[in-house]
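The values are calculated or read from the model by the stated rules, or taken from the named source; none is laboratory data. Everything numeric in this text was worked out from a predicted model, so none of it was measured. Using ideal geometry, Cβ is built from the backbone for each residue, glycine included, and neighbour counts are taken over all protein chains shown.
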Amino acid sequence: MKNSRKNSAAALGMVCWIVYFSIYLGRLNFSASMGEMTQTGLWGKTGLGSVAAAFYLAYGLAQIPCGILGDKISPKKLVFIGLIGTTAANLLFPFADSVTEMQILWFLNGVSQAMIWPPVVKMVINLTSGQQSVNIILMLSFTAPAGMLAAYLLDAVMLKTANWKYCFWSAGIWLAAVILLWQTAIPIIEKKAVKVQKPIQKTLPCKKQENNNGISLAASGVLWMLAATFIHGVLKDGLTTWIPTYLIERFTISSSFSVIISMVIPIVNLSGVYMAGYGNRMLFKNETKTGAVFFGVSVLCIALMMTGLSLPGSMTVFAVVTSMMTGVNTLFVSLLPMHFRSEGKVSTATGILNAITHLGSAAASILFGVLTERFGWGGTEFAWCLCGIVGMFCCIIPIKRWGINRKNIYTEY
């Protein structure tokens, strides 16, 4: 029984990892292509920034309803629908001639991809338990940097050998294959998996359960954590979207070379997931305290960038800051929802946190494009630093209150 349970969990984790890794290929291909698209002279940075914003806006707004749906209907069906949508959007995107058409397709892509993360988390929680659940969720956090690396590698090849349109067609073909994997593997895994029942009253004292209403949510510091989640979205995806363009314009390098050297970043970002998991469990034992440290490191690095750095120096700063934000993402989007496990609201909490993250991403896509055109990259660097300071204080303020109200997600269930 025990071995069967481990095998089912491993298979579930592997399939979910491939699925969530794959959607980054159909998301980050746009940011990788932006440099070459601007060089065609057909579209400006503000216009293309609005296309990226359309994705993040759609992804953010759809997260909450998709999170709620994930707690009410089959997660398997919701993921399937999302995969079909993102595949179609990527295959059709190269045929878009205007910014408006691009905005519509990338908005639909955002809605489709919003259907994937909350139900995936819900499925993991339903079919696994305790430390096993935490391990799989942390493993899924590696999909972001790994997906970024794969997307930049694939797109660098496409840009070098063909043109930007093939970045989208190649992603669409891969996603079509992932649909077949999902539809084939998940029904088998569900039949073999041992579903663990998690009684609500098992480990939580009566007094602590009263903390689940709206008033005590504010008292526990969760609202400050939501603000920090928004800010991390501004930095995490805001930087990711503009890094290739920044490198092209700052250091006068080719679009394909900017994408190739950007591949260093996701490799380093893998450390952010590990640092978040280790720091939260072994050192700080508090998501807000760990997040404050990560934001603080980011502020110091961006401040250093503002002094004027070489290409290697700028790449180092980008690698460190995005790793810190990957860590914050792991804390607030992957681990924090597990505190709502006993209430049966994991998917809903995941949807809300992901929504806030990507609303921040949408704001960043437009904001940084406008700032760059009006004030240059120096003004944009200042905005990045300011965002880091605000995020740090949003984490510092609720440290004590969250420390009292948080649950031990590693042993409590």
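If you go through region 149-171 and keep only what is at pLDDT 85 or above, assigned to a loop (DSSP other than H, G, I, E, B) and surrounded by fewer than 19 Cβ atoms within 10 Å (Cβ to Cβ), you end up with just Asn163.
Among the residues here, Ile231 qualifies as β-branched (Val, Ile, Thr), modelled with pLDDT of 85 or more and within 25 Å of Ala54 (Cα to Cα). If the condition is being surrounded by 20 or more Cβ atoms within 10 Å (Cβ to Cβ) and modelled with pLDDT of 80 or more, then region 396-412 contributes only Pro398.
Could you check, for region 379-395, whether at least one of its residues is crowded, with 18+ Cβ neighbours inside 10 Å, in contact with a Lys or Arg (Cβ under 9 Å, 6 or more places away or on another chain) and either acidic (Asp, Glu) or assigned to a helix (DSSP H, G or I) (or both)? Yes; the residues of region 379-395 include at least one that is crowded, with 18+ Cβ neighbours inside 10 Å, in contact with a Lys or Arg (Cβ under 9 Å, 6 or more places away or on another chain) and either acidic (Asp, Glu) or assigned to a helix (DSSP H, G or I) (or both). Select, from Gly47, Gly110, Gly35, the only residue that is within 16 Å of the chain's Cα centre (by Cα) and not aliphatic (A, V, I, L, M). From the options Gly47, Gly110, Gly35, the qualifying one is Gly110. Taken over region 104-118, the criterion of being assigned to a helix (DSSP H, G or I) and either of a type in the set (Phe, Trp, Tyr) or over 15 Å from Ser50 (Cα atoms) (or both) is satisfied by Trp106, Phe107, Val111, Ser112, Gln113, Ala114, Trp117, Pro118.
Per this entry, Val134 is not counted among residues that are within 26 Å of Leu180 (Cβ to Cβ) and either outside any helix (DSSP H, G or I) or under 19 Å from the mean Cα position of the chain (by Cα) (or both).
Only one entry of Thr357, Thr330, Thr288, Thr307 meets the criterion of being surrounded by fewer than 20 Cβ atoms within 10 Å (Cβ to Cβ), under 22 Å from Met392 (Cβ atoms) and modelled with pLDDT of 80 or more, and that entry is Thr307.
Once region 217-256 is narrowed to residues that are more than 14 Å from Ala355 (Cα to Cα) and aromatic (Phe, Trp, Tyr), the residue that is surrounded by the most Cβ atoms within 10 Å (Cβ to Cβ) is Trp242.
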